[in-house]
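The values are calculated or read from the model by the stated rules, or taken from the named source; none is laboratory data. Keep in mind that what you see is a predicted model, and the values were worked out from it rather than measured. Note that we place each Cβ from the backbone using ideal geometry, even for glycine, and neighbour counts take in every protein chain shown. Each accessible area value is taken on the protein alone, full model and side chains, heavy atoms only, with ligands, DNA and RNA left out. Shrake-Rupley method; radii C 1.70, N 1.55, O 1.52, S 1.80 Å.
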Amino acid sequence: MLTAKQEAQFTVAYDRYGAMLYRVGLMHTETPADAEDVLQDVFLRYLDKSPDFQDELHEKRWLIRVTVNCCRNRRNSAASRKNVPVPETLAAPEFVSDQTVRDAVHNLPPKYRDVIYFHCVEGYSVEETADLLGIGVSAAKMRLSRAREKLKLELED
């Protein structure tokens, strides 16, 4: 059973971050149903762990980190390798207007796709992106540079 305080914290967190976390999950899983499953897993962990956050930024970073980890776990699980994605009838939210660019971003390896997404789409600085992904700033800069180069090469073809 949830206490009134836990329920209130959950509601505030879900209202504040749910849409963004869904977009992060969609970027990784590429299907709305899987993104919804990831979102559910993230908030179940939020309720289970009931972490104590220093401030809103700490809470947001924790939720993003858990979302990325849930996506990676899902991608690496044996169940995800056995499942064949079923075409969805619902249109996925657009986070990049040009279909060619969006396809090119989705074709990037996950470590490059993550830095592009957080830096270019969500608008985080390189330092914040590094912190969210649990990597060094120089690694984030290098991944961002390599991701841009890969996109440039793919889009020139």
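If you fit an axis through the alpha-carbon atoms of helix 4-29 and take the longest principal axis of the Cα set of the chain, what angle between them do you get, 0 to 90°, nearest 10?
With rounding to tens, the tilt is 10 degrees.
I'd like the chymotrypsin sites (Phe, Trp or Tyr not before Pro) in the stretch 15-62 restricted to DSSP loop residues with at most 15 other Cβ atoms within 10 Å, sorted by number.
Details: sites: Y17, Y22, F43, Y46, F53, W62; in loops: F53.
Taking the stretch 15-62 and a limit of 15 other Cβ atoms within 10 Å, the loop chymotrypsin sites (Phe, Trp or Tyr not before Pro) found are F53.
So what does T129 come to for accessible area, using a 1.4 Å probe and Å² rounded to 10?
0
Taking the Cβ-Cβ separation of F10 and V121 as r and a Förster radius of 35 Å, what is the calculated FRET efficiency to the nearest 0.05? Let's see the in-between values first.
Values: r = 26 Å, r/R0 = 0.74.
Computed FRET efficiency for F10 and V121: 0.85.
Under a 1.4 Å probe, what is the accessible area of the chain per residue, stated in Å²? Please report the intermediate quantities before stating the final value.
On the way: 9400 Å² over 157 residues.
Averaged over the residues of the chain, the accessible area is 60 Å².
Using Cα atoms only, what is the angle between the long axis of helix 137-156 and the major principal axis of the chain, expressed in degrees (0 to 90) to the nearest 10?
50
Tell me the accessible surface of D15 in square angstrom (1.4 angstrom probe, heavy atoms of protein chains only), to the nearest ten.
D15 has an accessible surface of roughly 120 Å² with all protein chains in place.
Within the chain, how many lysine pairs that are 8 or more places apart, or on different chains, have C-alpha atoms less than 25 Å apart?
Taking the Cα cut-off of 25 Å, the pair count is 11.
Can you pull the percent of the chain's accessible area that's carbon plus sulfur, 1.4 Å probe, other chains left in place? Numbers along the way, then the final one.
Numbers: 4760 of 9400 Å².
C and S atoms contribute 51 percent here.
Please check the chain for the longest run free of GluC sites (Glu not before Pro) that are loop-located per DSSP (anything but H, G, I, E, B) and have at most 15 other Cβ atoms within 10 Å.
95-157
With a 1.4 Å probe and all protein chains kept in place, how do D114, D55 rank by accessible area, largest first?
Values: D114 0, D55 80 Å².
Most to least solvent-accessible, the answer reads D55, D114.
Out of the chymotrypsin sites (Phe, Trp or Tyr not before Pro) in the stretch 102-146, which ones are loop residues according to DSSP with at most 10 other C-beta atoms within 10 Å?
Working: sites: Y112, Y117, F118, Y124; in loops: Y124.
Hits after loop and neighbour filter: nothing returned.
If I fit a long axis through the Cα atoms of helix 56-76 and take the longest principal axis of the Cα atoms of the chain, what angle between them do I get, 0 to 90°, rounded to 10?
Here the helix axis deviates by roughly 60 degrees.
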